[in-house]
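The values are calculated or read from the model by the stated rules, or taken from the named source; none is laboratory data. For clarity, every value in this text was computed on a predicted model and none was experimentally measured. Note that each Cβ is placed from the backbone with ideal geometry, even for glycine, and that neighbours are counted across all protein chains shown.
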Amino acid sequence: MTRRSFGAALVSVITLAAPVAADEPEVSPSALASAPASDAASGVAIEAPRNTHPISNALLSVPRVLVLAVWTGPRLLAGELDDYLDSLGPNVAGKGTTQRWRFGVAFDMETTIGASFGIRAGYRIADHVAVDVVGGLFGARGQSGHAKIQLGRYTTANLAPVVELATGRDMGRVFAGVGEQAGDPRDPYRRGPRTEYDERRFAGDASLAAHRGPVELTAHGRVEATKTEDDDDHPVREAYDPEALVGFEDRQRAGTIELALSYDSRHPASLIPSSAPSTGWLFRGLAAYTRGDTSRIARSRPVAPCSRRGACSTCFTAIACCRSG
C-alpha cells in the first residue's frame, strides 16, 4: 500500500513539473526582408568581437608564436629519431630487424644505489645468425657483461640453438629486512633500515628451440654461481646480524633445466612495425627443475626444519634455507 501511494505521488510531481511547449514567436516581414540569403548566411547570431581588443590580442600572440617556434624543431627531431629507432627494431632480441648493426643505450637512477649505465651492440651475420653484447657500469649493473649468440636454424623442424653468457661483479643491491613488522634492530627478519651489499654472478645458458608454424618447443638449461659481499658505504653488518641472515655472504651454485611449449599467432597489423606484434594469440606453458647448494649455513637463527621437504621460512636464498635442516 505504501509503495503504490509513493508511486502515484511521484507521477503527479513529474506531471506538474513537465514543461509546456510555448508558441513560437512570429517573425515580422521587415526582419525577413533584411535577412541575408540562405547561401550567404554565416549561421552565427552574434559575431565574436575579434577587433575589440587588437593590442591585447597581439601581445598575447607573441609568447604563443615563440613557444610554437621553439618546440617545432625538437618535435620534428623527435619524430625522425623515433622513425629511425623503429626501423632498427627496438626490442633486445632483435626480432623483426632488417639492419645488420643495432645499438641501444640505457640509463637508470635508483635511490640508495645510485645511477647505472648500459650499452648494447648487435650484429646480424646472416638469417637467424646474430651476436648481441651488453655491458653495464655502476649502480645495479656494477661491472657486468652479457653476450647472446644465435646460431641459425637447421632441418625442417627449424632447430634454433642459442648460447648466452653473463657475468658481473660489484652489482649494487639493497636490503631492508624481511617483512613489514618492526622488531629487534639486529633481526634481519623484521623491517629495518636500508643497507647495501654487492653481488657477483656468473651464468651460462644454452637452449634449443624447434619451430613449426606458430608452435615452438624449447629446451633450456642454465648454470649459475652467485656470491654476495658486504658494501663499504652502508654495510649490512652495521644494521643486522649477518650470521642470522641465511644466504648472506654465501657462495651459491644452481642448475636449472626447463621445457616450454608455446603457441604464438601474433603478427603486425597495418601501420604497426614488425617489431611490435599487435594482434593474435600467445599461449605458453613450461616446466622447470632447479637444484643447487651453498657454501655456508647460518647457525645463529633457527629456521623452519626441512623434515617436511620444501618447508622453509623466509630467507635470503631458498637454497640455503632448505639446506639448513
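Within the range 181-193, identify whether any single residue is touching a Pro at 6+ places or on another chain (Cβ under 7 Å), in a loop (DSSP other than H, G, I, E, B) and modelled with pLDDT under 90, and answer yes or no. Taking every residue of the range 181-193 in turn, at least one turns out to be touching a Pro at 6+ places or on another chain (Cβ under 7 Å), in a loop (DSSP other than H, G, I, E, B) and modelled with pLDDT under 90.
Does Ala126 satisfy the condition of being over 29 Å from Asp231 (Cα atoms) and out of contact with any strand residue (DSSP E or B) (no Cβ under 9 Å at 6 or more places or on another chain)? Yes. Among the residues of the range 201-246, those identified as in contact with a strand residue (DSSP E or B) (Cβ under 8 Å, 6 or more places away or on another chain) and of a type in the set (Asp, Glu) are Asp205, Glu216, Glu224, Glu229, Asp230, Asp231, Asp233, Glu238. As a summary of the residue check, Glu249 satisfies the conditions (1) loosely packed, with under 15 Cβ neighbours inside 10 Å; (2) in contact with a strand residue (DSSP E or B) (Cβ under 8 Å, 6 or more places away or on another chain) except for the one numbered (1). From the list Arg251, Arg222, the lone residue that is basic (Lys, Arg) and under 30 Å from Thr155 (Cβ atoms) is Arg222.
Within the range 220-235, residues that are more than 14 Å from Asp198 (Cα to Cα) have Cβ atoms under 6 Å from residues that are among the polar types (S, T, N, Q) in these pairs: His220/Ser207; Arg222/Thr256, counting only partners at least 6 apart in sequence or on another chain. For the range 44-53, indicate whether the set of residues that are outside any loop (DSSP other than H, G, I, E, B), at pLDDT below 75 and charged (D, E, K, R) is non-empty. No, because not a single residue in the range 44-53 is outside any loop (DSSP other than H, G, I, E, B), at pLDDT below 75 and charged (D, E, K, R).
Could you tell me whether Arg201 is surrounded by 13 or more Cβ atoms within 10 Å (Cβ to Cβ), modelled with pLDDT under 90 and among the basic types (Lys, Arg)? Considered against the rule, which asks whether it is surrounded by 13 or more Cβ atoms within 10 Å (Cβ to Cβ), modelled with pLDDT under 90 and among the basic types (Lys, Arg), Arg201 comes out as no. Under the condition of being on the phi > 0 side of the Ramachandran plot and in a strand (DSSP E or B), the residues counted in the range 153-167 number 0.
If a residue has to be of a type in the set (Gly, Ala, Ser) and closer than 14 Å to Phe202 by Cα to count, how many in the range 145-188 make the cut? Count: 4. Does Thr314 satisfy the criteria of being of a type in the set (S, T, N, Q), at pLDDT below 80 and either closer than 30 Å to Arg169 by Cα or not in a strand (DSSP E or B) (or both)? Yes, satisfied. Restricting attention to the range 197-228, the residues that are closer than 17 Å to Gly172 by Cα and among the small types (Gly, Ala, Ser) total 1. Could you tell me which numbered condition Ala244 fails, if it satisfies all but one of (1) more than 29 Å from His220 (Cβ to Cβ); (2) at pLDDT below 75; (3) surrounded by 12 or more Cβ atoms within 10 Å (Cβ to Cβ)? For Ala244, the exception is condition (2). Taking Glu238, is it surrounded by fewer than 17 Cβ atoms within 10 Å (Cβ to Cβ), outside any loop (DSSP other than H, G, I, E, B) and of a type in the set (Asp, Glu)? No. Of the residues making up the range 151-197, those that are in contact with a helix residue (DSSP H, G or I) (Cβ under 9 Å, 6 or more places away or on another chain), over 30 Å from Val133 (Cα atoms) and buried (at least 17 other Cβ atoms within 10 Å of the Cβ) number 3. On the basis of being of a type in the set (Ser, Thr, Tyr) and in contact with an Asp or Glu (Cβ under 6 Å, 6 or more places away or on another chain), does Ser116 make the cut? The answer is yes for Ser116.
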